[in-house]
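Every read-out reported here was derived from the displayed coordinates using simple, explicitly stated rules and does not represent laboratory data. Computed from a predicted model, the values in this text were never measured in an experiment. Cβ: placed from backbone, ideal geometry, glycine included. Neighbour counts: every protein chain shown.
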Amino acid sequence: MKLNDAVLSRRSIRAFLPDPVPREKIIKILEIARWAPSWGNIQPWEIVVADGEKTKLLAEAFVDESKKGISLRPDINMPVDYPAIHKERYVSLGRTLFTEMGIAREDKQARIEHYLNMYRFFGAPAVIYLTIDGGLNEPYACLDIGSIGTTICYAAVQEGLGTIYLAASMHYPYIAKKSFIYLKQRKLLSALPLERPIQKHRQAFSGVNESLWKKLCVLPINPLRPLFHESYETIEEFFRNNNHYSHVILYCYERFGW
Ligand SMILES: Cc1cc2nc3c(=O)[nH]c(=O)nc-3n(C[C@H](O)[C@H](O)[C@H](O)COP(=O)(O)O)c2cc1C
């Protein structure tokens, strides 16, 4: 695939097929993405991938938390106000999105359902968490996370998969941290659900600025960078010896003392 094609065909996907994503594909994507530039080459990203049952459990926990009406507690501050021109774009996105989805302005229940779907990772069976060490300087680490996150998006397109940056999945980071000991000392900056877009959305996929959705899902995590500091030559070798991502985190924790 040409770079131009990957860049021009990438869209934020908001409805995913539920089929499991082959782990070899995830590995391929992360192997490419780790070449992303970072400030001072510090490569601050620590990437954890959730899939299978873990994703479903995480999605359910996020939805339950949201239904309790608990206020958001992201690890980094979210935008609250911005200059008019940017606000206009933000409002316009919401309007376009709900129109595309056939959700009427007064249909409060459907809107709530859409937001809950974000917590379900729009039905995706796998989720890539982008995290950093809690001691890192945030503004610069955020630039680096954007760098690798976007590289992941393009690498996913190359593998025939869709993604979306999901700030919403960082609203209650303590849920993911409870599930994965490894994340306890980390800041969660974004999550990227991963799978093929569902068909009806795929049609709009190549259109203007349509983003679509209906379902969701999320999951676990795997630290990528630290693996390369250990005895494994490649991440493939690591995963060949560790069948389940959910085990990967635990395994890494025990083995490397994270
Ligand atoms: C940092 C970041 C966080 C985002 N968070 C969300 C989110 O929580 N929910 C959502 O529906 N879209 C989210 N998006 C997707 C944007 O809405 C999308 O990138 C934008 O509307 C442009 O559309 P495109 O990606 O299809 O070109 C996020 C994008 C970025 C870069």
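Couple of notes before you dig in:
- Fewest-first sequence of I198, I29 by Cβ atoms within 10 Å of each Cβ: I198, I29
- Placing a pseudo-label 7 Å from each Cα along the Cα-to-Cβ vector at V91 and E113 gives an inter-label distance of 2.7 nm.
- Based on alpha-carbon atoms, the Kirkwood radius and the radius of gyration of segment 37-123 give Rg/Rh equal to 1.04.
- With semi-axes defined as the square roots of five times the eigenvalues of the C-alpha gyration tensor, the equivalent ellipsoid of segment 78-137 measures 27, 21, 10 Å, largest first.
- Of the trypsin sites (Lys or Arg not before Pro) found in segment 105-151, those in coil by DSSP whose Cβ has at most 15 other Cβ atoms within 10 Å are R105.
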